[in-house]
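Scroll down for the structure; my scribbles are underneath it.
The values are calculated or read from the model by the stated rules, or taken from the named source; none is laboratory data. Just so it is clear, the structure is predicted and the values come from calculations on it, not from any experiment. Quick reminder, even Gly has a Cβ in these numbers, built from the backbone with ideal geometry, and neighbours come from all protein chains shown. Protein only, heavy atoms only, side chains kept; ligands, DNA and RNA dropped before computing areas. Shrake-Rupley method; radii C 1.70, N 1.55, O 1.52, S 1.80 Å.
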Amino acid sequence: MNVLVINCGSSSLKYQLIDSASEKVLAKGLCERIGIDGSCITHSPEGGEKTTTESPMPTHTEAVKLVIEKLTDPDVGVISSLSEIGAVGHRVVHGGEKFAEAVVINDDVIKAIEECNDLAPLHNPANLIGIHSCQELMPGVPMVAVFDTAFHQTMPKKAYLYGLPYEYYEKYKVRRYGFHGTSHDYVSKRAAEILGRNRDDLKIIVCHLGNGASISAVDHGKCVDTSMGLTPLEGLIMGTRSGDLDPAIVSFIAEKEGLDAAGVVNVLNKKSGVLGLSGGISSDFRDVGAAADSGNEVAATALEAYAYRVAKYIGSYTAGMNGVDVIAFTAGVGENDKAMRAKIASYLGYLGTEIDDAKNDVRGEETVISKDGSKVTLMLVPTNEELAIARETVRLA
Ligand code: AMP
């Protein structure tokens, strides 16, 4: 069965068409600037050339229409008609406490996703628009929602409650939800498979280090803690997000800078993290790394602070699980930045593990990167959220 995986943002739509039998990506692409001038679609068929076409996309429905046109196009397409799409898998960011796993989309599910809009006001409405557009253009095709939060729903109360008045949890559902769940689930499962072990027998820490970054503790197959919270702002220092800080900083900076709380939170989301800490060099680790290599101390400190935060989380999750067997690195930085992996690993000697510089000299490969005989196995496991969504979609559809 061919599965169309859709990931809708407020002005973008990413897609992949995956053949579920071979798990091959037949085509993938991106619609950008939906609802604004200069909308375009970039489409890459397997083994073919990437093309970018400008085309008006006032709404996501036109974007989905264009995706279908590209997929069925006689020149750049990979299928001959819409009937070759057996199911659609939608990435949905927030499932609140309602969804602990993926579900087949029906009217009740749509209503329940709408009820989570409050918790992810930028993401969930966009995900819903994508679902409605696909339903309109592909009537009768089963659709599945795969939630970023679902894998983390196994966290115990002691891990997901904040030290706040309990009534805020009861009234507003203020609690830790966590994100990147599809990736944490996929990578922890894959890490165990690569080692020829059962995930249910292992304590695994997954470090998803991309532009957004989060870390999770997976104890015998279940997520027991994760670093992102009510929103993706908490936890690690990220590309542009601050991660953890003293909450009193919000009112302090608001007063100093003449901002309101939402204005400060915007700074914490978009102008902080490695971008902010490096004095505005970049949110991209390649640029910050290059600046550090050429002697820029502010850039070097930003990277040190990033690594130190990851190492502290590894320490706390090791304590929380009373041990760890495997630490897996994934996503843009985790998969590509050997210097950052080595910097993080330099804090982990107390666990009886040491990174192997030769084995760590890789990018984007499934591999062990710790020295033979290490008590804790360090690994690189490339994530594949689209494949995970496609698998869930096939399982349910
Ligand atoms: P992601 O959000 O998983 O796509 O990760 C994107 C981020 O990965 C970029 O912003 C970069 O900071 C980082 N990245 C990608 N390639 C490299 C690389 N070769 N070296 C260091 N960082 C990289």
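The set of residues in segment 378-397 being closer than 23 Å to Phe179 by Cβ and assigned to a loop (DSSP other than H, G, I, E, B) consists of Val381, Pro382, Thr383, Asn384. When segment 2-32 is filtered for residues that are outside any strand (DSSP E or B) and exposed (fewer than 15 other Cβ atoms within 10 Å of the Cβ), the ones remaining, listed by number, are Ser10, Ala21, Ser22, Glu23.
Residues checked against (1) within 16 Å of the ligand (Cβ to nearest atom); (2) in contact with a helix residue (DSSP H, G or I) (Cβ under 7 Å, 6 or more places away or on another chain); (3) closer than 19 Å to Asn211 by Cα:
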site	(1), (2), (3)
Leu303	yes, yes, yes
Tyr306	yes, yes, yes
Ala311	no, yes, yes
Tyr317	no, no, no
Met321	no, no, no
Phe329	yes, yes, yes
Glu335	yes, no, yes
Ala339	yes, yes, yes
Gly352	no, no, no
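The residues in segment 174-228 that are open to solvent by 10 Å² or more (accessible area, probe 1.4 Å), of a type in the set (A, V, I, L, M, F, W, C) and outside any loop (DSSP other than H, G, I, E, B) can be counted, and the count is 2. Of the residues making up segment 254-274, those that are open to solvent by 40 Å² or more (accessible area, probe 1.4 Å) and more than 16 Å from the ligand (Cβ to nearest atom) are Glu255, Lys256, Glu257, Gly258, Leu259, Asp260, Ala261, Ala262, Val265, Asn266, Val267.
The sole residue among Asn384, Asn360 that is in contact (Cβ under 8 Å) with a residue 40 or more places away in the chain, touching a helix residue (DSSP H, G or I) at 6+ places or on another chain (Cβ under 7 Å) and not acidic (Asp, Glu) is Asn384.
Given the structure, is Val67 more than 30 Å from Asp225 (Cβ to Cβ), open to solvent by less than 60 Å² (accessible area, probe 1.4 Å) and assigned to a loop (DSSP other than H, G, I, E, B)?
Values: more than 30 Å from Asp225 (Cβ to Cβ): yes; open to solvent by less than 60 Å² (accessible area, probe 1.4 Å): yes; assigned to a loop (DSSP other than H, G, I, E, B): no.
Against the criterion (more than 30 Å from Asp225 (Cβ to Cβ), open to solvent by less than 60 Å² (accessible area, probe 1.4 Å) and assigned to a loop (DSSP other than H, G, I, E, B)), Val67 does not qualify.
Restricting segment 359-378 to residues that are over 15 Å from Ile205 (Cβ atoms) and of a type in the set (S, T, N, Q), the residue that is least open to solvent (accessible area, probe 1.4 Å) is Asn360. Of everything in segment 67-110, what is of a type outside the set (A, V, I, L, M), more than 22 Å from Ser39 (Cβ to Cβ) and under 22 Å from the mean Cα position of the chain (by Cα)? Give them in sequence order. The answer is Gly89, His94, Gly95, Gly96, Glu97, Lys98, Phe99, Glu101.
Filtering segment 75-83 for residues that are farther than 26 Å from His180 by Cα, open to solvent by less than 80 Å² (accessible area, probe 1.4 Å) and in a strand (DSSP E or B) leaves an empty set. Can you tell me which residue within segment 158-173, out of those that are in contact with a Phe, Trp or Tyr (Cβ under 9 Å, 6 or more places away or on another chain) and among the aromatic types (Phe, Trp, Tyr), is most open to solvent (accessible area, probe 1.4 Å)? Selected residue: Tyr168. A count restricted to segment 236-253 and to residues that are part of a loop (DSSP other than H, G, I, E, B) and either open to solvent by less than 60 Å² (accessible area, probe 1.4 Å) or at pLDDT below 95 (or both) stands at 9.
Just give me the residues in segment 275-301 being more than 11 Å from the ligand (Cβ to nearest atom) and among the charged types (D, E, K, R), in sequence order.
Asp293, Glu297
Looking at this structure, is Val310 buried (at least 16 other Cβ atoms within 10 Å of the Cβ) and under 19 Å from the mean Cα position of the chain (by Cα)? The answer is yes for Val310.
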